[in-house]
Structures are given as structure tokens and as C-alpha cells.
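Each value in this text was obtained by applying a stated rule to the coordinates, not by laboratory testing. What you see is a predicted model, and the numbers here were worked out from it, not measured in a lab. Because the Cβ atoms are built from the backbone with ideal geometry, glycine has one as well, and the counts that use them run over all protein chains shown.
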Amino acid sequence: MCSTCGCSGTGEGTRINLLTDEDAVGHGHGHGHDHSHDHNHSEDHSHAYESRTVVLEQEILAKNDSLAATNRRRLSDRGITAVNLMSSPGSGKTTLLETTVRALDGQRQTLVIEGDQETWLDAQRIRATGSKVVQINTGAGCHLDASMLAGGLDELDPPDGSLVFVENVGNLVCPALFDLGETARAVIISVTEGADKPAKYPYMFRAADLVLLNKIDLLPYVDFDVDLCLDLIRRLNPKAELLHVSATKGTGLDAWCAWLGALQPIPA
């Protein structure tokens with residue numbers, strides 16, 4: 001169990017599947033499973049319980065960090081760049097990926113690992129672009145971890161020098177806590193969300209190498225304080241790069257692709 005949020009974060013109930021062309025156009029993949037898990041959400045503030053929680057969290061994160069280091073060596077040895085793409089649900093991650101994969105077609109081989117609790121819907125969208133994609137369904141889990149990425153890479157088998165996108169589960173909390181062994185982390189926030197999201201979820205934005213402000217084509221129609229949002233991000237993470245994009249209109253896509261092109265695998 002993930003000691004941070006109580007989800008099934010150790011891989012229990014996780015399903016990793018490589019999509020085929022048939023999966024991209026049909027829905028009858030027949031991989032439905034029933035995973036019932038009992039969760040005890042009652043709080044116990046005793047000192048003994050708190051001590052066990054701290055130890056459990058340290059053990060989980062230490063094991064994850066060790067696996068992440070193995071993933072990073074694996075990617076670096078083969079010159080593979082991996083980008084961990086994180087956001088809240090509905091920010092436009094999958095739409096941005098569709099647009100990006102098509103924009104990079106013929107320039108660099110691009111592959112995708114999709115993370116969702118259930119369904120193959122986003123992976124089917126990516127597969128329709130022609131990109132090779134693996135779907136990871138986490139069941140009750142609210143984030144990907146290094147072990148899941150290792151399994152996804154086994155199925156995906158990315159070629160040397162390729163670019164791998166990892167679309168994490170939509171969540172602004174736990175994905176930021178788990179190193180996957182990625183090359184870089186990109187966080188998306190859309191103008192349809194609150195401009196105060198960085199203040200509410202600081203760890204996510206502190207962990208970002210790049211923050212993408214998406215859906216800027218909708219700015220005339222929504223109440224979103226761009227200056228406030230960007231100021232909050234800069235205060236939290238002065239080193240993070242900031243880009244304005246519209247995944248549907250293609251605005252800012254050249255700058256996004258240039259940022260991706262400048263990434264180099266982290267030496268192990």
C-alpha cells in the first residue's frame with residue numbers, strides 16, 4: 001500500500017498491455033478484471049501507528065528509488081529519453097501527446113506508456129497516431145512507480161535513441177513523490193483549472209523541469225489569472241521552464257518540441 005495516500009501502490013492489481021492496431025480501433029480487448037480490495041480509512045493517531053507509517057513510507061520510497069536508478073541506467077545505456085508527463089485529470093495531456101507524436105513523425109521515433117486506473121481509452125487514441133503504446137492500468141493505484149515503468153519498458157521495448165513519453169495517472173499529489181527513472185518531468189496546468197493550483201499542490205510544481213500552461217486558446221472565455229499562476233510557479237520553482245501552449249490549435253508546439261529535442265538521457 002502507498003503510505004502517502006493509501007492506494008494500492010505496490011503493483012497489486014496492475015495490468016500492463018501492449019496495444020495492437022486492432023486495439024486502436026476496437027474496444028473488445030477482453031482484459032477486464034475484477035479486483036476487490038478492502039481499505040481501512042479509519043484514522044489512528046497513536047504514536048506506535050505513526051512510527052510504523054513513517055518506517056513503511058521510507059521503505060517504500062527507498063525501494064522505489066533503487067528501482068528508478070536501475071531504470072535510469074537502462075535508459076541512459078541505450079540513449080533513450082523518457083519524459084514523465086503529469087497533471088490533474090482533464091488538463092489535456094493526451095491531446096498534447098497526440099499532437100506531439102504527429103509533429104515528431106519522421107524526426108524521431110516516439111513511443112508512449114499510458115497510465116490510468118482503468119480503460120484503454122487514452123492508449124487507443126495514441127495508437128491511432130501510429131505510435132507504439134503500452135497501457136498500464138493501476139487498478140486502485142493513483143500513480144505510476146518505478147516498478148511499473150520497468151514493466152512498461154519490457155513490453156514497449158523502445159529502440160536506442162528513441163523518445164518515450166510516460167503519461168502518468170491524472171493526479172497532482174502522489175505522482176510527484178515517485179521517481180520513475182525518467183529523464184525529465186513536465187507538468188501541465190490548463191487555463192480551465194484554478195490559477196492557484198501551484199499554491200495548493202506545491203510539491204508537484206517544485207518537482208517539474210518544465211511547466212506547460214495549456215488551452216491558452218480558451219483564455220478569452222475563462223476567468224484565469226495567468227500572471228498569478230506564473231508568479232506562483234516561479235516562487236516555488238525558479239529553475240522550471242515555462243511554456244504557453246494550445247494542444248488543439250498547435251500554439252507553442254515548436255517551442256515544446258525544441259525543449260524535447262534538447263533533452264539528453266541522464267548519465268547513470
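Scanning the stretch 83-114 for residues that are part of a loop (DSSP other than H, G, I, E, B) and closer than 20 Å to residue 155 by Cβ gives a single hit, 109. For the stretch 175-192, filtering for residues that are within 19 Å of residue 267 (Cα to Cα) and hydrophobic (A, V, I, L, M, F, W, C) leaves 2.
Within the stretch 144-191, can you find the residues that are over 10 Å from residue 82 (Cα atoms), in a strand (DSSP E or B) and of a type outside the set (S, T, N, Q)?
Within the stretch 144-191, the subset over 10 Å from residue 82 (Cα atoms) is 144-161, 167-179, 186-191.
Still in the list and also in a strand (DSSP E or B): 167, 186-190.
Scanning the stretch 144-191 gives 167, 186, 187, 188, 189.
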